[in-house]
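Some notes on the structure that comes next.
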Amino acid sequence: MTMKKGFTLLEILVSIGVLALMSTLLTQVFITSTRSNTKTEIAKDVKQNGDFATEVMARLIRNSLAITTSCSTTGTTTSSISFTNPDGGATTLGCALDGTVTRIASTSATGTAYLTASNLTLGGTSCSGASLTFVCTAPVGQPTTVGITFTLSQKGTPVEQSAKASASFQTTVAIRNNAD
């Protein structure tokens, strides 16, 4: 009596079915992990750019000699702000259109420096629709303060809408070297 060694057709089909199910599950885990990682990276990029722009604007305003944009005791809201630097030069902070992206820019006699990356936008296709505001307050007998508020978003729409990142930033700065 000879015994045949091997697998039956049914055993092979069951094995293939189990392998296909495991492959599908592993693929779904990989795709979910990749999407989550992409969303985290995009959100981190938006946060880092916003924090950088906020810190640079706050430092420039804090160290300025005077705000040359009109300020009132109750607060003046504007989309850009101008001030005198410690070296006597003038700088303007505001929105700048860079192609199809609205970015935060610092403009002075030496040129324009963008404070946000080109893959992020303040929103809108022009600076009039951008979300950058400065609130300048000059209370009598107190230092001039400037409130800065803006929302930064990822440029364009990614394939997955759930991966789009946006963050709002807000700070208030008092001028140290107030010449008023």
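Out of region 118-130, which residues are modelled with pLDDT under 85 and among the small types (G, A, S)?
Selection gives G123, G124, S126, S128, G129, A130.
Does region 110-124 hold any residues that are of a type in the set (A, V, I, L, M) and either farther than 16 Å from K47 by Cα or open to solvent by 20 Å² or more (accessible area, probe 1.4 Å) (or both), and which are they? Even if it seems obvious, please write down each step before you answer.
First pass over region 110-124, keeping only residues of a type in the set (A, V, I, L, M): 113, 115, 117, 120, 122.
A113, A117, listed by residue number.
Just to be sure before I move on: is T107 open to solvent by 30 Å² or more (accessible area, probe 1.4 Å) and outside any loop (DSSP other than H, G, I, E, B) in the structure I sent?
Yes: the conditions hold for T107.
Can you say whether S36 is among the small types (G, A, S), free of Cβ contacts under 8 Å to residues at least 60 places away in the same chain and surrounded by 11 or more Cβ atoms within 10 Å (Cβ to Cβ), as far as the supplied structure shows? Show your work before the answer.
Numbers: among the small types (G, A, S): yes; free of Cβ contacts under 8 Å to residues at least 60 places away in the same chain: yes; surrounded by 11 or more Cβ atoms within 10 Å (Cβ to Cβ): yes.
Taking the combined requirement at face value, the residue satisfies it.
Being under 22 Å from the mean Cα position of the chain (by Cα), hydroxyl-bearing (S, T, Y), open to solvent by less than 60 Å² (accessible area, probe 1.4 Å) and at pLDDT 90 or above narrows it down to one of T54, T84, T78, so name that one.
Residue meeting the stated conditions: T54.
If the requirement is being part of a helix (DSSP H, G or I) and touching a strand residue (DSSP E or B) at 6+ places or on another chain (Cβ under 7 Å), which of these qualifies: L60, L13? Before the answer, list the steps.
Values: L13 fails: touching a strand residue (DSSP E or B) at 6+ places or on another chain (Cβ under 7 Å).
Result of the check over L60, L13: L60.
Condition first: of a type in the set (V, I, T) and surrounded by 13 or more Cβ atoms within 10 Å (Cβ to Cβ). Now tell me which residues in region 125-143 satisfy that.
T133, V135, T137
State all residues of region 153-170 that are surrounded by 14 or more Cβ atoms within 10 Å (Cβ to Cβ) and either modelled with pLDDT of 70 or more or outside any loop (DSSP other than H, G, I, E, B) (or both); if no residue qualifies, say none.
Selection gives S153, Q154, K155, A163, K164, A165, S166, A167, F169.
Quick check on region 87-96: of everything there that is among the hydrophobic types (A, V, I, L, M, F, W, C) and surrounded by 16 or more Cβ atoms within 10 Å (Cβ to Cβ), which residue is nearest to T171 (Cα to Cα)?
Residue satisfying both the conditions and the ranking: L93.
Just the residues that are part of a strand (DSSP E or B) and either touching a residue at least 60 places away in the same chain (Cβ under 8 Å) or in contact with a His (Cβ under 6 Å, 6 or more places away or on another chain) (or both), please, taken from region 110-149.
L120, F134, V135, C136, T137, V146, G147, I148
Just to check your reading of the model, which residue among S64, S15, S36, S23 is under 30 Å from T145 (Cβ atoms) and polar (S, T, N, Q)?
S64
The values are calculated or read from the model by the stated rules, or taken from the named source; none is laboratory data. This is a predicted model, so every value here is computed, not measured. FYI the Cβ positions are ideal-geometry reconstructions off the backbone, even for glycines, and counts take in every protein chain you see. Ligands, DNA and RNA are excluded from the accessible area calculation, which covers all protein heavy atoms including side chains. Shrake-Rupley method; radii C 1.70, N 1.55, O 1.52, S 1.80 Å.
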